[in-house]
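The values are calculated or read from the model by the stated rules, or taken from the named source; none is laboratory data. Please read these numbers as outputs of a predicted model, since none were measured by experiment. Don't worry about glycine lacking a Cβ; one is built from the backbone with ideal geometry, like all the others, and counts go over all protein chains shown.
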Amino acid sequence: MNITVIGAGYVGLITGACLADIGMNVICMDKNKATINNLNKLELPIYEPGLEDLIKKNCLVNKLHFTTSTKKAIENSTAIFICVGTPSLKDGSVNLKYIYQAAKEIANYINSYKLIIIKSTVPVGTCQRVKSFINDIMKNTKKSIEFDIVSNPEFLREGTAINDFNFPDRIVIGTDSQRATMIMKDIYNAPIFQDTPFIFTKIETSEMIKYASNAFLATKISYINEIANICELCGADISVVAYAMGLDKRIGDKFLNPGPGFGGSCFPKDTKALIKIGEDLGYKPNIIKSVMNSNLLQRKRAVQKIINVIGEVKEKTFTLLGLAFKPNTADIRESASIYIIEELLKNGGIIKAFDPKAMDSMKNSYPELAIKYCDDELSACEGSDCIIFATDWKQFRDIDFTVIKGIVNNPVIIDLRNMFEPSYIKNNGFLYKGIGRE
Ligand SMILES: NC(=O)c1ccc[n+]([C@@H]2O[C@H](COP(=O)([O-])OP(=O)(O)OC[C@H]3O[C@@H](n4cnc5c(N)ncnc54)[C@H](O)[C@@H]3O)[C@@H](O)[C@H]2O)c1
């Protein structure tokens, strides 16, 4: 089947490459010329483990193409996945301008039946509104061509996106059309999805499943952060508490790692959006609102933890190890590191930073932040008064603390991801503070 993917970002590229890999003919379209030019030279705009090889492999066998031509992308395919960004507006509601731009382009170039699949995360009711929007444009241009809209939210996680796409916990499809159902079954009719639960449901329910899932995960993180904070005050050890909690199958062991608050392009945005969706309907979502407050407080608490140990921030050198919001990605959107760096700089601190993948993203998005970017962990730690582990990159676990001890100014480690055993770090001569344990 010929498939078009609109938006060649994280979700679009993974969707396009993985669908090509299961045999579809895929065109990825993005309005960003530089992105497409680079993709055509097999240079990726994002870092995602395994993606480069997957793209190269499928381009080589002509299953995957990239274009900026909306006309070509729309005319050639039956199924069109919309994977454009849906960022937050100031009031927490969702900016749907990219969704409507894509819809307008589809309405302009539609030449035969199309199945429009919205993979972007959109508020409940959006698919139906997009349907009316396209119908209105077609009415004005005197076009009468059939199309269907389907909601097919994406649940992949950056860093493990290919595996998540290929082996999802479930595939959710919201549709009100038999024809659309048949095409969706055709698209996902690959052996790798044989054991995957499919949920065919109403469009509105499908849209809601995505928000309900993300807000729940954000709640789980905030919950364990709160428990960690209480552990700190009462002498309990959050690592053991979380492990024991996770053995209870009703709770599960995922998302029970305390940290400096959740970030990324999805949890903060989708949690805020769900609050707005509820409020616009006249409902006050108390739990979800307190999750957002708790997350902000967790960031403030992380900074306070640093200040409590260091005292005066002015002219002290802080080493930030990790800028990405999580490991295995270059994505810094809503990363806790940004808040921590801004606060330390505001108080006169000097920031040295190292991240294996995210330094360019940080330089490009926050050129105003006076960060001294370093080539590796070692140079970032030279002369440091306080080393802060902000992202749990696996390679940080291999750091030789006996070497680090000899090059720092002050042997202090703030481990915001509980990456290390406190006794191990302390035995290496450091003052150590983790989260929720001593
Ligand atoms: N990133 C994730 O981990 C993730 C996971 C699940 C769901 N989502 C959701 O998927 C959607 C996309 O997220 P993302 O992280 O891939 O975004 P992104 O910012 O990485 O990529 C979006 C891309 O869409 C392009 N674009 C915007 N308008 C366009 C148009 N009219 N025509 C063609 N291209 C256009 C942009 O140039 C950009 O390259 C969002 O709704 C997000 O909430 C993201």
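For region 133-148, check the following and say yes or no: at least one residue is closer than 30 Å to Asn328 by Cα and touching a strand residue (DSSP E or B) at 6+ places or on another chain (Cβ under 7 Å). The answer is no; no qualifying residue exists. When you scan region 74-81, do you find a residue that is among the aromatic types (Phe, Trp, Tyr), outside the structural domain of Gly264 (by TED's automatic domain parsing) and within 26 Å of Cys127 (Cα to Cα), even just one? Yes, some residue in region 74-81 is among the aromatic types (Phe, Trp, Tyr), outside the structural domain of Gly264 (by TED's automatic domain parsing) and within 26 Å of Cys127 (Cα to Cα). Residues in region 117-146 that are among the hydroxyl-bearing types (Ser, Thr, Tyr) and free of Cβ contacts under 8 Å to residues at least 24 places away in the same chain: Ser132, Ser144.
Within region 117-132, being touching a strand residue (DSSP E or B) at 6+ places or on another chain (Cβ under 6 Å) and away from the ligand (no atom under 14 Å from the Cβ) holds for one residue alone: Lys131.
In region 219-242, the residues that are of a type outside the set (D, E, K, R) reach residues that are at pLDDT below 95 and buried (at least 16 other Cβ atoms within 10 Å of the Cβ) with C-beta atoms within less than 6 angstrom, at least six apart or across chains, in these pairs: Ile238/Arg437; Ser239/Arg437. For Val124, the stated conditions do not hold, so it cannot be described as over 21 Å from Met1 (Cα atoms), part of a loop (DSSP other than H, G, I, E, B), outside the structural domain of Asp331 (by TED's automatic domain parsing) and in contact with a Ser or Thr (Cβ under 7 Å, 6 or more places away or on another chain).
For region 202-212, the condition of being within 16 Å of the ligand (Cβ to nearest atom) and over 16 Å from Ser120 (Cα atoms) holds for none of the residues. The residues of region 332-383 that are of a type in the set (S, T, N, Q) and out of contact with any Phe, Trp or Tyr (no Cβ under 7 Å at 6 or more places or on another chain), listed by number, are Ser337, Asn347, Ser361, Asn364, Ser365, Ser379.
Selection of first residues in region 291-306 that are within 12 Å of Ser337 (Cα to Cα) and of second residues that are part of a helix (DSSP H, G or I) and small (Gly, Ala, Ser), restricted to Cβ pairs under 7 Å at least 6 apart or on distinct chains, gives the following pairs, ordered by first then second residue: Arg299/Ala336; Ala302/Ala336. Scoring Gly264 on the criteria (1) within 20 Å of Ile288 (Cα to Cα); (2) out of contact with any Phe, Trp or Tyr (no Cβ under 7 Å at 6 or more places or on another chain) leaves a single failure, condition (2). For region 249-289, the set of residues classified as surrounded by fewer than 19 Cβ atoms within 10 Å (Cβ to Cβ) and out of contact with any helix residue (DSSP H, G or I) (no Cβ under 8 Å at 6 or more places or on another chain) consists of Lys249, Arg250, Lys276, Glu279, Asp280, Leu281, Gly282, Tyr283, Asn286, listed by residue number.
Quick grid of which residues meet (1) outside any loop (DSSP other than H, G, I, E, B); (2) free of Cβ contacts under 8 Å to residues at least 60 places away in the same chain; (3) small (Gly, Ala, Ser):
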| residue | (1), (2), (3) |
| --- | --- |
| Ser384 | no, no, yes |
| Ile387 | yes, no, no |
| Met419 | no, yes, no |
| Tyr432 | yes, yes, no |
| Glu438 | no, no, no |
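Evaluate region 7-23: report whether one residue or more is modelled with pLDDT of 95 or more and more than 22 Å from Val150 (Cβ to Cβ). Looking for residues that are modelled with pLDDT of 95 or more and more than 22 Å from Val150 (Cβ to Cβ), one finds none in region 7-23, hence no. Tell me whether region 79-102 contains one or more residues that are more than 27 Å from the chain's Cα centre (by Cα) and under 14 Å from Ile3 (Cα atoms). Checking region 79-102: not a single residue is more than 27 Å from the chain's Cα centre (by Cα) and under 14 Å from Ile3 (Cα atoms). In region 388-433, the residue that is farthest from Ala324 (Cα to Cα) out of those that are of a type in the set (D, E, K, R) and in contact with a Gly (Cβ under 6 Å, 6 or more places away or on another chain) is Lys405. Could you tell me whether any residue of region 158-166 is closer than 16 Å to Ser206 by Cα and either part of a strand (DSSP E or B) or away from the ligand (no atom under 13 Å from the Cβ) (or both)? The answer is no; no qualifying residue exists.
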